[in-house]
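The values are calculated or read from the model by the stated rules, or taken from the named source; none is laboratory data. Being a predicted model, the structure only gives us computed values, none of them experimental. FYI the Cβ positions are ideal-geometry reconstructions off the backbone, even for glycines, and counts take in every protein chain you see. Please note that ligands, DNA and RNA were not included when accessible areas were found on the heavy atoms of the full protein model with its side chains. Shrake-Rupley method; radii C 1.70, N 1.55, O 1.52, S 1.80 Å.
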Protein chains: 2
Amino acid sequence: MELHKKAIMPPGFSCAGTNCGLKADGKDLAVFYSETPASAAAVFTRNKFPGAPVILGRNIIKKGVLRAIVANSKISNVGTGQTGLDNAARMAAAVAAEFDIPAEQVLMSSTGVIARQLEIEKIEAGLQGISSQLSKDPLAATEGIMTTDTYPKALSLDIGDAVLTIVGKGAGMIEPNMATMLVYIFTDAEIAAPVLDHALRQAVAVSFNMLSVDTDTSTSDTCVIMANGLAGPVDLKHFQKALTHACTEMAKLLARDAEGATKLLISKVKGASDEKQAIQMAKSLVNSPLVKTMAYGADPNIGRVLMAIGKCVDCDVDPARITIRINATLVYQNLARVDFDEDAVRVLLGGEQVVIEAELGLGSGRATAFGCDLTEGYIQENAAYYSS
Amino acid sequence: MELHKKAIMPPGFSCAGTNCGLKADGKDLAVFYSETPASAAAVFTRNKFPGAPVILGRNIIKKGVLRAIVANSKISNVGTGQTGLDNAARMAAAVAAEFDIPAEQVLMSSTGVIARQLEIEKIEAGLQGISSQLSKDPLAATEGIMTTDTYPKALSLDIGDAVLTIVGKGAGMIEPNMATMLVYIFTDAEIAAPVLDHALRQAVAVSFNMLSVDTDTSTSDTCVIMANGLAGPVDLKHFQKALTHACTEMAKLLARDAEGATKLLISKVKGASDEKQAIQMAKSLVNSPLVKTMAYGADPNIGRVLMAIGKCVDCDVDPARITIRINATLVYQNLARVDFDEDAVRVLLGGEQVVIEAELGLGSGRATAFGCDLTEGYIQENAAYYSS
């Protein structure tokens, strides 16, 4: 599963990004375009206060066909009532007019401040002529959907003769179901929409739904996949493996670039009574502020790890059976701290990645979750992030 | 329900605190003593990795009678196996010997670093002669159980002819069921142990179990009440009201003095489908890092409030019926942001307290939760807090 050195839009796909005036500078508007109708599937936030693009998107995706995705940053179009729905529809209509495609085959996303109306005229003006600026470089468009991300993210890999490319953004308000996260995936493999839907859900379950930056669930999260079929059919097992790998690698990139993050935090729970409990405990570990600050401080604080497992009060835990490893060093077993080289572990924890492994010794449930450390940077970004 | 200007131990109760050498300086050991056998009840952490004092305490409290509580800070005696259990029993035995009371009537607590053994000899030496240092000032002992708290906390109020005094500590790893929290309550009212137990659970449900600093649940939380009966019987309704009030005021003090906190954060949810959903949403609001940093930044960020309600994906939410108030200012209703004076609200939010009220418009479920803002101070304290 080797990633391309440089991501590229698959054959038949292209994209463009521009500044339409929502932000003072930097791109704030993006279009991803397929030359032909593409099979499509999507998953959206489970937040009960979804944005207008999500409300419309759930309906649009039902037909399983997309030609384009349009997305803006700066304003999220959430908590905006009927005007918000109208504006989201106008975004799709503007793309449809510009590319001469059906409006019902355009999915839209908005990310940024909540409870403010979009400056829709600026978006409509920005979309005019954008079809002449199309590029094969996914980063050209991905910059347009960045909010507090520090760099645009795109990955490509091969599936037989086909290519799969994933782009994403999301730096805060990130917790499964989904993250504040916009992720778009493009492939020239030929796959029917229902199969695509199933494959996407499988991949999201172990990647983006196991990603949490701050337990907060965005109202706008959207993950879409489009398959234009230009490369013909591919082996479905291979496809699933590649899609899951791409989503997992993107989840790690998003966690690592989360607001204020200095390192990736990975928790691996094994031997839980069942998978559901393993998932709950793995998430408890990456979500615990005390584990997150421990990662930041590069301290092998066993107590916080035990606490974060034990706080899953509805899960089965037998302290006597628990084994804990921090960055592969055994630190706890048989109800006692192991005598390990703390200074050596601190050096390991000072790196780019903190991995906490918990073996529960009860069953076969296992799960891996992705998060990041919690730093002053998160506080500063979010205390200063004005809603107006 | 007027609080005394200065807290005092009720008649028949006294306490002492000392430095026994666990900490380099400051008190690290405390004893609370009743001259006569007192009815007693307690609630403990629900964390599945409870400390040795909690494991023993659950058994001790079954008889409903206590003469003393002993507590140390610096080391929590959690994750310490059989040695930990032996050491916890030795703490009680040392108090029993010093005061000539039954060891099974001594409850013990330990708070501090997890997965390290107590230096039990220091504690035993520190307890020798402590019976000659007894004081009526609850702060004399409460200092001995502080960890990252910035000041010792004690409140007293009258219940008819009786007095009720509550002392508490807890500054991080605080979330219901319970908080990293040691709270001891003393009264000279005459109340049987089963009645006391019921009253304590009622009070804790709406106070400490609605308190969350960081969603992390300590392995050592303990809340104990002792009633020595010296003042005779009291009106039980009055007693319940006073106990609940004392616990609620202490919960607010703990939240306000949480690690790094600069202000108290209170969420009030009304009109939820039922009380359980109201509790979930109220806690979601005080636990959301984005709401907490918004409180710190004194920004009326409506979007984050909507997000934190909507992320309760199993709760009933009808966006069209939601009304939001921030520090009593109406900011959102009828699916739209209200045109309010943002500068005025920012001034209000710059004070000591942020109050978020959400009216769901669905039913009669209501709940209030207590938390605090999230600041660089929390990060600094917890990233620097070494486990060794």
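Tabulated data
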quantity	calculated
Length-normalised contact order for chain B - Cα pairs under 8 Å, 6+ apart - percent	17 percent
Around B:LEU118: net Lys/Arg minus Asp/Glu count, Cβ-Cβ under 14 Å	+1
Per chain A, cysteines lacking a partner by the 4.7 Å Cβ criterion	A:CYS15, A:CYS20, A:CYS223, A:CYS247, A:CYS372
Over 21 Å [Cα-Cα, the stretch B:264-384], rounded percent	34 percent
Cut-off 14 Å, label 7 Å out along Cα→Cβ of B:ARG201, residues of the stretch B:12-51 by amide N	B:41-44
Net charge over other residues, Cβ less than 12 angstrom from the Cβ of A:THR187 (K, R count +1; D, E count -1)	-4
Spin-label pair B:GLN82/A:LEU236, simplified geometry with 7 Å Cα→Cβ offset, distance in nm	5.6 nm
Pairwise label distance in nanometres, B:ARG58 with A:GLU121, each label 7 Å out on the Cα-Cβ vector	6.7 nm
Summed side-chain charge close to A:ALA336 - residues other than A:ALA336 whose Cβ falls under 14 Å, Lys, Arg +1, Asp, Glu -1	+1
Rg to Rh, two decimals, where chain B supplies the alpha carbon set and Rh follows Kirkwood	1.00
R0 of 41 Å, Cβ-Cβ distance B:ASP314-B:SER135: FRET efficiency to nearest 0.05	0.25
Accessible surface of the protein assembly as shown [probe 1.4 Å, protein heavy atoms]: carbon and sulfur percent	50 percent
Listed residues A:GLU259, A:GLU275, B:GLU124 arranged by accessible area, highest first, probe 1.4 Å	A:GLU275, B:GLU124, A:GLU259
At most 11 other Cβ within 10 Å, DSSP loop - trypsin sites (Lys or Arg not before Pro), the stretch B:1-30	B:LYS5, B:LYS6
Heavy-atom accessible area order for B:TYR332, A:TYR296, largest first, 1.4 Å probe	A:TYR296, B:TYR332
Shape category assigned to the stretch B:58-98 from the gyration tensor of Cα positions, a/c cut at 1.5	prolate
Approximate spin-label separation A:SER364-A:GLN333, in nm, with each point projected 7 Å along Cα-to-Cβ	2.3 nm
Only Lys, Arg (+1) and Asp, Glu (-1) charged, at Cβ; the stretch B:264-384 dipole about Cα centre in debye	280 debye
Solvent-accessible area buried by A and B, counting both chains, probe 1.4 angstrom, square angstrom	5000 Å²
In Å, descending, principal axis extents of the Cα set of the stretch B:6-139	38, 36, 29
Neighbouring partner chain Cβ atoms per residue of A:82-89, average, 10 Å criterion	1
Between helix A:236-256 and chain A: long-axis angle, C-alpha atoms, 0 to 90°, nearest 10	80 degrees
Where only C-alpha atoms are counted, convex hull volume of the protein assembly as shown per residue in Å³	143 Å³
P(r), alpha carbons of the stretch A:4-47 - 5 Å bins starting at zero, rounded %	5, 16, 14, 17, 19, 20, 8, 0
Residue order for A:SER76, B:SER273 - accessible surface, 1.4 angstrom probe, largest first	B:SER273, A:SER76
Entries of A:LYS263/B:LYS311; B:LYS6/B:LYS136; B:LYS263/B:LYS283; A:LYS74/A:LYS122 with Cα pairs more than 20 Å apart	A:LYS263/B:LYS311
